[in-house]
Amino acid sequence: MWDLEDGYRPYLTKHFQDATGKVPKLNLGKKNGDLLKVPEETLEGKVDLLISGCPCPPWAGNGCKKGTSDPRFKVFYAVINWILWLAESHGLIGICLENVKGTMNCIAGREPFYPRLKKILEDVLPMFRFRIDTLEAEDYKSCARRTRVLLRGLHVKFAPQGVPPPLPPMPKVELKDNLGKFPNTDTTTMTRPQQQNLKDQDKYILRGRKAGRIPEDAIVIFGADRAYGMAYSADITVNRAPCLTCHNRYLFLVKASEAGLPKEQRSLYRFVHPAERLHWQGFHAKEAYRALGPAKSLKGAGNCYPVGLMFAGLIPMARTIANSGIDLAQWPPKALAGDSSKLKTMKAKVKKELTKIPRKVIKKAKAKAKAKGKSMKRAKAILYFLSLFLKGVFM
């Protein structure tokens with residue numbers, strides 16, 4: 001396992017030891033967790049499943065949307081190279097690549113990234129079958145919204161019929177049944193703008209109740225640091241949490257039925273606790289929070305992929321592998337040659353296809369540059385004649 005954050009070590013170590021009885025090999029921290037600095041030949045060859053959640057800013061809605069041109073894409077490119085190396089030389093069985101729904105959107109006129117990557121992998125790894133699915137965390141026992149796209153692949157020997165679909169959606173869980181027993185927030189410790197935002201949200205909830213938009217018994221969550229009419233608009237969610245990030249740390253909980261009451265008379269009037277964030281993402285909240293603490297719990301819950309959502313994609317794959325009848329201890333059936341020249345050719349092809357700019361994008365860029373050139377020439381001509389005119393006036 002690789003991750004730049006070293007603070008997760010205590011929790012991950014205990015978690016893996018409890019699950020397997022073995023001490024895990026963790027590569028964590030800015031030095032040891034930087035997979036861009038890991039030579040492929042130093043990797044452990046016997047890997048059955050490669051699971052990765054690469055940085056999402058290249059495709060995220062609040063990112064720069066530069067796609068493969070974003071420097072952070074280098075991590076994804078390294079993971080792709082690992083996949084090629086493990087599949088070609090060590091009998092990799094399956095992969096699961098998780099990312100945001102922006103990977104399914106067109107960026108700068110290019111084909112959506114995940115469908116494009118699927119075609120490329122199908123071309124260079126014909127012994128694999130691939131599938132793309134978009135899942136919502138709320139469908140898999142989470143109280144928080146979180147849409148994720150899974151690109152999954154399985155070796156054809158284990159899945160001749162292709163990659164199985166994810167688990168079907170499960171019954172929704174109620175937010176009210178997944179709240180911790182924490183004291184209300186002392187609002188005098190909040191900033192004045194935040195206190196004003198609480199009052200404004202109260203008015204909004206009261207209007208929503210009267211209009212029938214917000215049920216009387218609803219639990220409402222909103223950002224106490226967000227105000228109406230400002231650059232970052234205020235938003236509320238009813239009976240569910242918004243998508244948890246590393247930045248919306250000021251999510252506030254209230255009961256719709258208690259809107260307008262003095263704070264002393266309210267049974268629920270507080271910030272969302274970091275342990276609740278972990279619980280909503282599918283982690284053992286008490287154990288994880290004790291190991292991570294407030295700051296890392298907030299960051300971990302914001303960066304993670306929800307456990308239930310990932311299980312929805314991985315469990316059918318595990319079942320397919322188990323039901324294949326192939327003895328994993330004897331896989332691969334023979335030593336793989338691991339042709340270095342072939343692997344080099346595969347990598348070059350993947351890189352070329354990933355960085356290739358579509359003709360229509362090039363044509364559009366040329367037209368834009370040409371138009372800009374014409375406007376620059378026109379501007380220069382105007383400035384030239386203006387200078388002649390001014391010389392005639394003042395000389």
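Bear in mind these aren't lab numbers, they're just calculated from the coordinates by the rules spelled out. Just so we're clear, the structure is a prediction, and the values are computed from it rather than from any experiment. FYI the Cβ positions are ideal-geometry reconstructions off the backbone, even for glycines, and counts take in every protein chain you see.
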Item to check | Value of [θ]222 nm, deg cm²/dmol, for the chain, DSSP H segments ≥ 4, -39500 (n - 2.57) each, nearest 500 | outcome: -13500 deg cm²/dmol
Item to check | Selection from Pro160, Trp85, Tyr140, by position along the positive dipole direction of the chain (Cβ) | outcome: Trp85
Checklist entry - Can you sort Glu98, Glu5 by how many other beta carbons sit within 10 Å, fewest first? => result Glu5, Glu98
Item to check | Approximate shape of the chain as ellipsoid semi-axes (Cα gyration tensor, √5λ), whole Å, largest first | outcome: 41, 39, 19
Checklist outcome for this item: In nm, the gap between the two label points placed 7 Å beyond Cα toward Cβ at Ile51 and Cys243 is 2.1 nm
Next on the checklist: Can you tell me, using C-alpha contacts under 8 Å and at least 6 residues apart, the relative contact order of the chain as a whole percent?
Outcome noted: 16 percent
Checklist entry - What translational diffusion coefficient, in µm²/s and rounded to a whole number, does the Stokes-Einstein relation yield for segment 183-272 at 10 °C and a viscosity of 1.306 mPa s, taking the hydrodynamic radius as the Kirkwood radius over Cα pairs? => result 120 µm²/s
Next on the checklist: I need the peptides 66-77, 173-184 ranked by packing, meaning the mean over residues of other C-beta atoms within 10 angstrom, with the highest value on top.
Outcome noted: 66-77, 173-184
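If contacts are Cα pairs under 8 angstrom and at least 6 residues apart, what is the relative contact order of segment 183-272 in percent?
This gives 33 percent for segment 183-272.
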Item to check | Gain upon complete extension [Asp202, Met1; 0.36 nm per residue less C-alpha separation] | outcome: 67.8 nm
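Name the helices (complete DSSP H segments) of the chain with a Cα length along the long axis of 24 Å or more and a Kyte-Doolittle mean of at least 0.5, or state none.
Those that pass (Cα extent of 24 Å or more, hydropathy at least 0.5) are 73-90.
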Checklist entry - Rounded, prolate or oblate: which fits segment 58-147, taking a ≥ b ≥ c as square roots of the Cα gyration tensor eigenvalues, rounded meaning a/c under 1.5, else prolate when a/b beats b/c? => result oblate
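How do Trp59, Trp85 line up, fewest other C-beta atoms within 10 Å first?
Lowest count first: Trp85, Trp59.
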Item to check | Within segment 183-272: Cβ-based charge dipole about Cα centre, in debye rounded to nearest 20 (Lys, Arg +1; Asp, Glu -1) | outcome: 140 debye
Checklist entry - Ranked highest first by average number of other Cβ atoms within 10 Å, how do 265-271, 315-321 line up? => result 315-321, 265-271
Checklist entry - What net charge is computed for the residues neighbouring Ile214, neighbours being all others with C-beta under 14 Å from the C-beta of Ile214, Lys and Arg scored +1, Asp and Glu -1? => result +2
